[in-house]
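Trainee: Input: one structure, supplied below.
The values are calculated or read from the model by the stated rules, or taken from the named source; none is laboratory data. Since the structure is predicted, the reported quantities are computational estimates derived from the model, not experimental observations. All Cβ positions, glycine included, derive from the backbone under ideal geometry; neighbour counts span all protein chains shown. What goes into the accessible areas is simple: the full protein's heavy atoms, side chains included, and nothing from ligands, DNA or RNA. Shrake-Rupley method; radii C 1.70, N 1.55, O 1.52, S 1.80 Å.
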Amino acid sequence: MPTYKAPLREMRFLINEVFDYPAHYAGLSNGGEATPDVVDAILEGIAVLCEKVLAPINLSGDKEGCRFKAGEVSTPTGFKEAYRQFVEGGWQGLSFPIEYGGQGLPTSISLFKTEMMGAANWSFNMYPGLSLGCINTLLQYGTEAQKARYLPALVSGEWTGTMCMTEPQCGTDLAQIKTRAEPQPDGSYRITGTKIFISAGEHDLAGNIVHVVLARVPSAPAGTRGISLFVVPKFLVAEDGSAGQRNTVTCGAIEHKMGIRGSATAVLNFDEAIGHLIFEPNKGLEAMFTFMNTARLGIAIQGVAHAEASFQGALAYAKERRSMRALSGKKDPEASADALIWHADVRRMLLTQKAIAEGGRAMLYAAVQTADLMFNAAFEKDHANYEHYDNELGFYTPILKGFLTEMGLEAANLGMQVFGGHGYIHEHGMEQIARDARIATLYEGTTGIQALDLLGRKVLLGTRGKCVRDFTRIMLRLARRHVFASGPIGSMARSTMRRAIEWNILTLRILLRAGKDRDLVGSASVDYLMYSGYVMMGYYFVLQAEKAQTLLLNGKGNESADFYRAKIQTATFYFDRLLPRADAHRKSALAPTHSLMQMDNGHFAFV
């Protein structure tokens, strides 16, 4: 069974040295309390919860799973006690307003928490994690009465929240939603329909579950323009704010899943359940995207979390397990065989995992600074800045969600490979990480959906390539500082400059061809997303290497010289071994669609 150790040194390097979060927080109206001492204390506290409480019940929770009986769901042994400790610690409310019982800290601090919790026990993390988007949606679009009724208990963690979108006949294509919302004389609605794949939709951890539900009012136009958003609690809320009478929302079943078995994924039946409109009629998707963007950032974290967890398990095993002699000669002459870590191919796998975790973490920590600014603008009713940062984050989100979850799955599979046959055995925990990681590329929009969002909506239609030009300007600014330097930093800077130019040319070529070939966007999108992810991660490795080299030279860093040298070495490995994959994605993205579309549907198989 693998153990989890919170990577606090890695996190602090990014927080304090690469991205200068202390200065970032000082510029936020809600960042005054986020002093370095406070942030460090929060990191230490979450680390203890993750290492001592959540990680020890990860393997057992997967083995036991959730139990369903007569509409009720029981979570695995230890989950209720762990959730009680989570609530008592006040961890749910870190980044929510003080007026609703939160601590009023910036959003990014909640992301640091989620990363550690996700690596320690992703199944458990799903329960409080789904509440975050529910809270953000109500904060931005709920009425004052709705905020007063639901937010205090959601922010404390006493209640949890969900997102109810998917139905049996539709997943991504929300235009097919059939759930009905009938208006009542008192201003409420009666919600009727079935929702599936509802994470944390039913469980025994909290006193109430607040569902955010997409449905149609009677006069709604067809398609996505006719979807409204409703808040529908499991238990109706009494005047004093307590959970009262049971609403007509029932759990019909829970899914039998490949992974995250400790998290209940429910089928929910709404039978004229009482709900209330959020925002305006027929504008539910606009409000729901607040939830979706929150959720997609959360899933991007899953890619990093599983890469980190698998890397930790594989590294420990590679140092202890012995097999054969290294090709370059004996490394452990006193033993009968050398440790796995001396073998070049094992080092390739470990360094790939390490690069994915460290590069992905840097991408997330940079993006969530934008999220801090966006949510800060929302709380201050600064609509212009909110739109600006929302658009900026909108470019990052599909890359982070799509690319990092695919890379996290690769890292999880590599962890099994390092273990060999033992990686396939349940008690070692590595196959669980791979099974848990698999869902991340699927929910909140598959990789294909993220790719279409990036290339179709954000790059081509939304900005005509401007979002790429804006980001590559940042890349070029960094590269120019070192383009004539010798050594690894200079080499990486020159590569970064070439990639920035290449990314713009790739975008322009697709833009020019897409008008003549309507299938091009669909055929190129996933390769374009993966190309974008590799190039973006490369930029953040240069940024880390630059800071590490500076701190090595001036001797003023918080870490050891070995730590900073390892940063430069990991970045060098990335540029030598992983970034070249972008070339294949670029070539594939530009390939003609004819070979993809020419085959007759009936000729895919001959039986």
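Trainee: Scan TYR150, TYR141 and give me the residue that is more than 21 Å from the chain's Cα centre (by Cα) and either open to solvent by less than 10 Å² (accessible area, probe 1.4 Å) or closer than 30 Å to LEU14 by Cα (or both).
Mentor: Of TYR150, TYR141, the one residue that is more than 21 Å from the chain's Cα centre (by Cα) and either open to solvent by less than 10 Å² (accessible area, probe 1.4 Å) or closer than 30 Å to LEU14 by Cα (or both) is TYR150.
Trainee: Could you please let me know if ARG469 is of a type outside the set (A, V, I, L, M), open to solvent by 30 Å² or more (accessible area, probe 1.4 Å) and on the phi < 0 side of the Ramachandran plot?
Mentor: So ARG469 passes the test.
Trainee: Take TYR389 and tell me if it is within 21 Å of the chain's Cα centre (by Cα), free of Cβ contacts under 8 Å to residues at least 24 places away in the same chain, crowded, with 19+ Cβ neighbours inside 10 Å and more than 30 Å from LEU59 (Cα to Cα).
Mentor: When the stated conditions are applied, TYR389 passes them.
Trainee: Would a scan of the range 321-335 turn up a residue that is within 27 Å of MET430 (Cβ to Cβ) and under 28 Å from the mean Cα position of the chain (by Cα)?
Mentor: No, the range 321-335 contains no residue that is within 27 Å of MET430 (Cβ to Cβ) and under 28 Å from the mean Cα position of the chain (by Cα).
Trainee: Now for a different question. Report whether or not LEU454 is at pLDDT 95 or above and within 16 Å of ILE399 (Cα to Cα).
Mentor: Yes: the conditions hold for LEU454.
Trainee: Of the numbered conditions (1) more than 26 Å from ALA6 (Cβ to Cβ); (2) open to solvent by less than 10 Å² (accessible area, probe 1.4 Å), ALA200 fails exactly one; give the number of that condition.
Mentor: If we test ALA200 against (1) more than 26 Å from ALA6 (Cβ to Cβ); (2) open to solvent by less than 10 Å² (accessible area, probe 1.4 Å), just (1) comes out false.
Trainee: Let me ask something else about it. Taking the range 357-383 on its own, how many of its residues are part of a helix (DSSP H, G or I), farther than 17 Å from LEU297 by Cα and open to solvent by 20 Å² or more (accessible area, probe 1.4 Å)?
Mentor: 3
Trainee: Are there any pairs with C-beta distances below 8 angstrom linking a residue in the range 575-587 that is assigned to a loop (DSSP other than H, G, I, E, B) to a residue that is open to solvent by less than 70 Å² (accessible area, probe 1.4 Å) and of a type in the set (D, E, K, R), with the two at least 6 apart or on different chains, and if so which?
Mentor: Taking only residues 6 or more apart or on different chains, the pairs are LEU579/ARG499.
Trainee: While we're here: I'd like to verify a number: residues in the range 575-607 that are touching a Phe, Trp or Tyr at 6+ places or on another chain (Cβ under 8 Å) and either modelled with pLDDT under 95 or surrounded by fewer than 16 Cβ atoms within 10 Å (Cβ to Cβ) (or both), how many?
Mentor: Residues flagged as touching a Phe, Trp or Tyr at 6+ places or on another chain (Cβ under 8 Å) and either modelled with pLDDT under 95 or surrounded by fewer than 16 Cβ atoms within 10 Å (Cβ to Cβ) (or both) within the range 575-607 amount to 1.
Conditions tested, residue by residue: (1) in contact with a helix residue (DSSP H, G or I) (Cβ under 6 Å, 6 or more places away or on another chain); (2) closer than 30 Å to TYR25 by Cβ; (3) touching a residue at least 40 places away in the same chain (Cβ under 8 Å); (4) open to solvent by 10 Å² or more (accessible area, probe 1.4 Å).
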| site | (1), (2), (3), (4) |
| --- | --- |
| VAL48 | no, yes, no, yes |
| GLU51 | no, yes, yes, yes |
| ASN58 | no, no, yes, yes |
| GLY71 | no, no, yes, yes |
| GLY78 | yes, no, no, yes |
| PRO97 | no, yes, yes, yes |
| GLY101 | yes, yes, yes, yes |
| SER108 | yes, yes, yes, no |
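Trainee: Are any residues in the range 467-476 over 24 Å from the mean Cα position of the chain (by Cα) and closer than 10 Å to THR507 by Cα, and if so, which ones?
Mentor: Scanning the range 467-476 gives a single hit, ARG469.
Trainee: Mind listing just one residue for me: the one in the range 411-435 that is of a type in the set (D, E, K, R) and in contact (Cβ under 8 Å) with a residue 60 or more places away in the chain and, of those, surrounded by the most Cβ atoms within 10 Å (Cβ to Cβ)?
Mentor: Across the range 411-435, the extreme among qualifying residues is ARG435.
Trainee: Sticking with this structure for a sec: For the range 322-356, which positions are of a type in the set (D, E, K, R) and either open to solvent by less than 70 Å² (accessible area, probe 1.4 Å) or more than 21 Å from MET416 (Cα to Cα) (or both)?
Mentor: The answer is ARG325, LYS330, LYS331, ASP332, GLU334, ASP338, LYS354.
Trainee: Every residue in the range 552-574 that is assigned to a helix (DSSP H, G or I), open to solvent by 20 Å² or more (accessible area, probe 1.4 Å) and of a type outside the set (Val, Ile, Thr), please.
Mentor: Result: LEU552, LEU553, ASN554, ALA561, ASP562, PHE563, ARG565, ALA566, GLN569, PHE573.
Trainee: Is there any pair linking a residue in the range 468-481 that is closer than 13 Å to GLU392 by Cβ to one that is at pLDDT below 95 and of a type in the set (Asp, Glu), with Cβ under 9 Å and at least six apart or on different chains, and which?
Mentor: Listed by first residue and then by second, the contacts come to ASP470/GLU392.
Trainee: Looking only at the range 588-606, filter to residues that are touching a Ser or Thr at 6+ places or on another chain (Cβ under 8 Å) and in a loop (DSSP other than H, G, I, E, B); which one of those is farthest from TYR540 (Cα to Cα)?
Mentor: Per the criteria, the residue is THR593.
Trainee: Quick check, is LEU506 open to solvent by less than 70 Å² (accessible area, probe 1.4 Å), among the aliphatic types (A, V, I, L, M), under 18 Å from ALA548 (Cα atoms) and in a helix (DSSP H, G or I)?
Mentor: No, not satisfied.
Trainee: If you don't mind, another one. Does LEU351 count as out of contact with any Cys (no Cβ under 6 Å at 6 or more places or on another chain) and modelled with pLDDT of 95 or more?
Mentor: yes
Trainee: Given the conditions (1) in contact with a helix residue (DSSP H, G or I) (Cβ under 9 Å, 6 or more places away or on another chain); (2) charged (D, E, K, R); (3) open to solvent by less than 40 Å² (accessible area, probe 1.4 Å), report the number of the one that ARG225 does not fulfil.
Mentor: Just one mismatch for ARG225, condition (3).
Trainee: In the list ALA326, ALA273, ALA378, ALA335, which residue meets the criterion of being farther than 30 Å from ARG577 by Cβ and at pLDDT below 95?
Mentor: ALA378
Trainee: Inside the range 19-39, can you point out the residues that are in contact with a Pro (Cβ under 7 Å, 6 or more places away or on another chain), surrounded by 14 or more Cβ atoms within 10 Å (Cβ to Cβ) and either free of Cβ contacts under 8 Å to residues at least 60 places away in the same chain or among the hydrophobic types (A, V, I, L, M, F, W, C) (or both)?
Mentor: PRO22, LEU28, ALA34
Trainee: Taking the criterion of being more than 22 Å from ASN136 (Cβ to Cβ) and in contact (Cβ under 8 Å) with a residue 40 or more places away in the chain, would at least one residue in the range 227-245 satisfy it?
Mentor: no
Trainee: So is GLY456 touching a residue at least 60 places away in the same chain (Cβ under 8 Å) and under 19 Å from ARG296 (Cα atoms) or not?
Mentor: So GLY456 passes the test.
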